[in-house]
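Note sheet for the following structure.
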Amino acid sequence: MTDLLHLEGICVQFGGLRAVDDVSIRVPVGERRAIIGPNGAGKTTLFNAITGVVRATSGRVMFEGRDVTRLPVHARARIGMSRTFQITNLFPNLSVAENMRLALRGLSPRKFSLLGGGGLDAAEQDRADAALGISRLHARRDALVKELSYGEQRQLELAMALVAQPRLLLLDEPAAGLSPSERVIVSDIIRALPRDLTLVLIEHDMDLVLSLVDYVTCLNNGKMLVEAPPAEIRTNSLVQDVYLGKARHNA
Amino acid sequence: MSAPSSPVPAPLGSRVPLAGLAVALGALAFAVLPLLVPTYQVSILTEILIFAVLAMAVDVLAGFTGRTPLCHGAIFGVATYVVVYWSQQGGAPVTGVLLAVAAATLVAAIFGLLAIRTSGVYFLLLTLALGMIVWGVCLRWTSVTGGENGLRGTVRPELLAGHLPFYYAVFAVVGIITCVMWRFVRSPFGLTLRGIRDSESRMRALGYNVSLHLFLAFTISGFFAGLAGALYAMFNDFVSPSTVALSQSVEGLLMAITGGIGTLFGAFIGAAAIIGLENFVSQYTERWQSVLGLMFILIMIFAPQGVIGRVRDLLTRRR
C-alpha cells in the first residue's frame, strides 16, 4: 500500500518545550485517520508541522513520496494539502460566495488577474456549488461570513477546504464549540465526503471520532501513545488512563 | 461603472443602483462645477482630483489590503521631483511623466520588499521611516533637488496652460485612472487582497503566496501614487521637500479615512473635504489646522468608517 502522508520522527521544539516529540505516522491513500489526545498533547502543533505553519525541528514530512519538510505553507497547499482550523479562520468581511471564490482561486493562476472580472466560470461554479451543497450552505451564499452562526461558519470551514479538491484533507477539531445537534451535522458532512479522499482528523470528542475513522493515533505530551483501530482504542487501557486519569495502584 | 459579471453580486455590488447613481452624480458635479466657479477655485478642484488619486492609492493598501502605509506622500513626491527635474533639463513632458511613474513604482517596489514582512503598527512605522529617507535625500541632495529651495520647471504644455483646459485634462486622466483602479479592486487579485486583509494564515493554507501578493499590491499602489505625483508636477510646476514630507503621506491617509477606508470612491469625498476646508477655513483664520484637527476628531468619534461607510450604515439600518 502506498502512503500519502508519512511522518518520520517529527519533533517540534518551542524554546524549552518539546511540543511534538519523535512522532512517526503513516497514512495510506484513502484512509481516514484520527489524531486524538488530551489538551496540550501536541495535536495542533503536529498539524502545523504537516502543513508548514511551523517547521519541524527535526524529522521529515513526506507527501506522496516527496520530502516537503522545507516547503512553505502555500506550496504544500498547491500540491494537495488542505486544512481547516480549530479556531474559525475565515474572511469575515466577505460573503460566503467570495470566501468560496478565494478558496477556489488559491490554486489557479487567475488569482493574479489584475483587471479581469471576478466571476467564476461554469466548471468552477459547479465545484463551489457542490462543496456548498455537501456543507449545507447553498442557501447562505450571499450572506456575509460575520453574519453566519458559529455552526454555519464551521460548515464553511469544511466547504472551503473541500472545494480545492485536495489529495489530503486535514480537519482540526471540526466540531469544536458546537452544540450536540450541530455536531451531528458536522459528522454527517464528514461521513458524506468522498470515500477515496484521505482524511486526517483531530478531535476531542471520542464518540464522534471513533464512528468516523478507520484508524486512530493517540498522542500524549507530544509523544505517540497508541495506534490502533477505533474498536481497540475504546478499550485500550493507556488511552483510558490519559483521558480519565490513571488509577493509582498504591493509593 | 462596471457591471458585476458574476451571478452572485458582492456585498458592495449589491447596492449598485444607489452607489452607481452616487458615483454618476459625483462625476457630473466634477464635470460641471468648474464652469460655475471663479478661476482660483478651479485650481482647488484640480488639486482635489489629483489628491483623490493619491488617497485611492493609499486606500488600496489601507482599506483593501489591511496595511496602512505612511510613505505614499514620498512615493508621490518622487514622481513630482522627476517630472520637474526633467523639464528643467529641457526634456519632453511625456518622457518626464513616464520616467517619473517608473521611478515612483521602483521606489514603491523597494519599499514594498522591506515593508511587507511587517504588519500593523510596525508596518506603519517602517513605511514612515522609509518616507523620511526620501524626504532627507530631497532636502540634502542640493545639486539635483535644489535642497530647501526646491525646483521650478515649466512642465505644463502650452495647450493646457489655462486653468479650465488643464482641469478637464486632469479630469479625463483621473476618470480613466479611477475606472482602472475600480476594476483592479474588483478583480480576482483585488479579492485576494481583501482575503489577506481578513486572514493571512487562511490565505496561505489556501495556496496563496501572501508575501508575493503583498509585494505586488504595494508596487501597484505606488504606481498609482506616482501617477498622482506626476499630475501634481504639471499642476504646480514646482517641487520642494514639503512635497515628499511626512505631512503629505498623512494627508493622503486622512483623505482615505475621511471618505471611508476600503471604499475607493471615498477618496474623492476625503480629498474634497480636506482640501476644500483647508482653503475655505484659511480665508478666515490662520488656525485652520486646528479646525482640521477638530474635524478629524469628530469623524473618528462619529464616523470612524468614514463618510461613505457612515452613509452605508444609515441606509442599511433604514431597511
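None of the figures in this text is laboratory data; all of them are computed from the coordinates on show. This is a predicted model, so every value here is computed, not measured. Cβ: placed from backbone, ideal geometry, glycine included. Neighbour counts: every protein chain shown.
Tell me, what is the percent relative contact order of region B:233-319, built from C-alpha pairs under 8 Å that lie six or more residues apart?
After rounding, I find 27 percent.
Expressed in nm², what is the orientationally averaged projection area of the convex hull enclosing the Cα positions of region A:1-123?
Value for region A:1-123: 10.2 nm².
How do A:Y243, B:Y208 rank when sorted from fewest to most other Cβ atoms within 10 Å of their own Cβ?
A:Y243, B:Y208
To the nearest whole percent, what portion of all C-alpha pairs in region A:115-212 is separated by more than 21 angstrom?
Above the 21 Å cut-off, region A:115-212 has 35 percent of its Cα pairs.
Over the Cα atoms of chain A, what is the Rg over Rh ratio if Rh follows Kirkwood?
Reported Rg/Rh, Kirkwood definition of Rh: 0.99.
Between region B:60-123 and region B:242-270, what is the C-alpha centre distance in whole Å?
When both Cα centres are located, 15 Å separates them.
For the protein assembly as shown, please report how many Lys pairs fall under 24 Å Cα to Cα, leaving out neighbours fewer than 8 apart on the same chain.
Counting lysine pairs in the protein assembly as shown gives 4.
Could you work out the percent of alpha carbon pairs in chain B separated by over 37 Å, rounded to a whole number?
13
Taking a temperature of 37 °C and a viscosity of 0.692 mPa s, what whole-number D in µm²/s does Stokes-Einstein yield for the protein assembly as shown with Rh from Kirkwood over alpha carbon pairs?
Rounded to a whole number, D works out at 125 µm²/s.
Please list, in order along region B:228-234, the HN-Hα scalar couplings obtained from phi with the Karplus expression 6.51 cos²θ - 1.76 cosθ + 1.60 (θ = phi - 60°), rounded to whole Hz, x for Gly and Pro.
4, x, 5, 4, 5, 4, 5
Among B:G153, B:F215, B:A230, which residue has its Cα positioned farthest towards the positive end of the charge dipole of region B:107-262, with +1 placed on the Cβ of Lys and Arg, -1 on the Cβ of Asp and Glu, and the dipole taken about the Cα centre?
B:F215
Taking the simple approach of a point 7 Å from Cα along Cα-to-Cβ for both A:R110 and B:T95, what is their distance in nm?
4.3
Based on the Cβ-Cβ distance of A:D129 and B:N149, what FRET efficiency does E = 1/(1 + (r/R0)^6) give at R0 = 51 Å, to the nearest 0.05?
With a Förster radius of 51 Å, E is 0.20.
Could you point to the residue in A:A103, A:A77, A:N89 farthest towards the positive end of region A:69-125's charge dipole, with +1 and -1 charges on the Cβ of Lys/Arg and Asp/Glu respectively?
Final value for the positive-end residue is A:A77.
With an 8 Å cut-off on Cα pairs and a minimum separation of 6 or more residues, tell me the relative contact order of chain A in percent.
So the answer I get is 27 percent.
From the phi of every residue in region A:204-210, what ³J(HN,Hα) in whole Hz does the Karplus formula 6.51 cos²θ - 1.76 cosθ + 1.60 yield, where θ is phi - 60° and glycine or proline is x?
Taking θ as phi minus 60°, the curve returns 7, 6, 4, 5, 4, 6, 5 Hz for region A:204-210.
With θ taken as phi - 60° and the coefficients 6.51, -1.76 and 1.60, list the Karplus ³J(HN,Hα) couplings across region B:64-80 in order, rounded to whole Hz; mark glycine and proline as x.
Result, rounded to whole Hz: 8, 9, x, 10, 8, x, 10, 10, 6, x, 5, 5, 3, x, 4, 5, 4.
Let me confirm one metric for peptide B:206-219, namely the mean number of other chain beta-carbon atoms within 10 Å of its residues' beta-carbons.
5
I'd like the antiparallel share, as a percent to the nearest 5, of DSSP beta bridges with both residues in the protein assembly as shown.
In the protein assembly as shown, approximately 60 percent of DSSP beta bridges are antiparallel ones.
Which three extents, in angstrom, do the Cα atoms of region A:90-165 have along their principal axes, listed largest first?
34, 23, 17
If each residue's Cβ is checked for other Cβ atoms within 10 Å, how do B:V94, A:V184, B:V82 rank with the fewest at the top?
B:V94, A:V184, B:V82
When the Cα centres of region B:294-319 and region A:178-202 are compared, how far apart do they sit, in Å?
Cα centroid of region B:294-319 versus Cα centroid of region A:178-202: 43 Å apart.
Under the rule of at least 5 residues apart or a separate chain, name every residue whose amide H is placed under 5 Å from the amide H of A:R83.
Answer set, sorted by chain and number: A:L170.
List every residue whose amide H lies under 5 Å from the amide H of A:Q165, counting only residues 5 or more places away in sequence or on a different chain, with H placed 1.01 Å from N in the peptide plane.
none
Give, rounded to the nearest 20 debye, the magnitude of the charge dipole that region A:90-165 has about its Cα centre when Lys and Arg contribute +1 at Cβ and Asp and Glu contribute -1 at Cβ.
Roughly 140 debye, rounded to the nearest 20.
Principal axis extents for region B:187-227, Cα atoms only, whole Å, descending order, please.
Result for region B:187-227: principal-axis Cα extents of 35, 17, 14 Å.
How would B:F166, B:F51, B:F76 line up from fewest to most surrounding beta-carbon atoms within 10 angstrom?
Going from sparsest to densest Cβ surroundings: B:F166, B:F51, B:F76.
When only C-alpha pairs under 8 Å and at least 6 residues apart count, what is the relative contact order of chain B, in percent?
Reported as a whole number, the value is 31 percent.
Using just the helices of chain B, give the 222 nm mean residue ellipticity in deg cm²/dmol: DSSP H runs with n ≥ 4 each add -39,500 (n - 2.57), and the total is spread over all residues, rounded to 500.
The helix-only estimate for chain B comes to -24500 deg cm²/dmol at 222 nm.
Would you mind calculating the gained length between B:R287 and B:S119 on full extension (0.36 nm times residue separation, minus the Cα-Cα distance), in nm to one decimal?
Contour length minus the Cα-Cα distance gives 57.0 nm.
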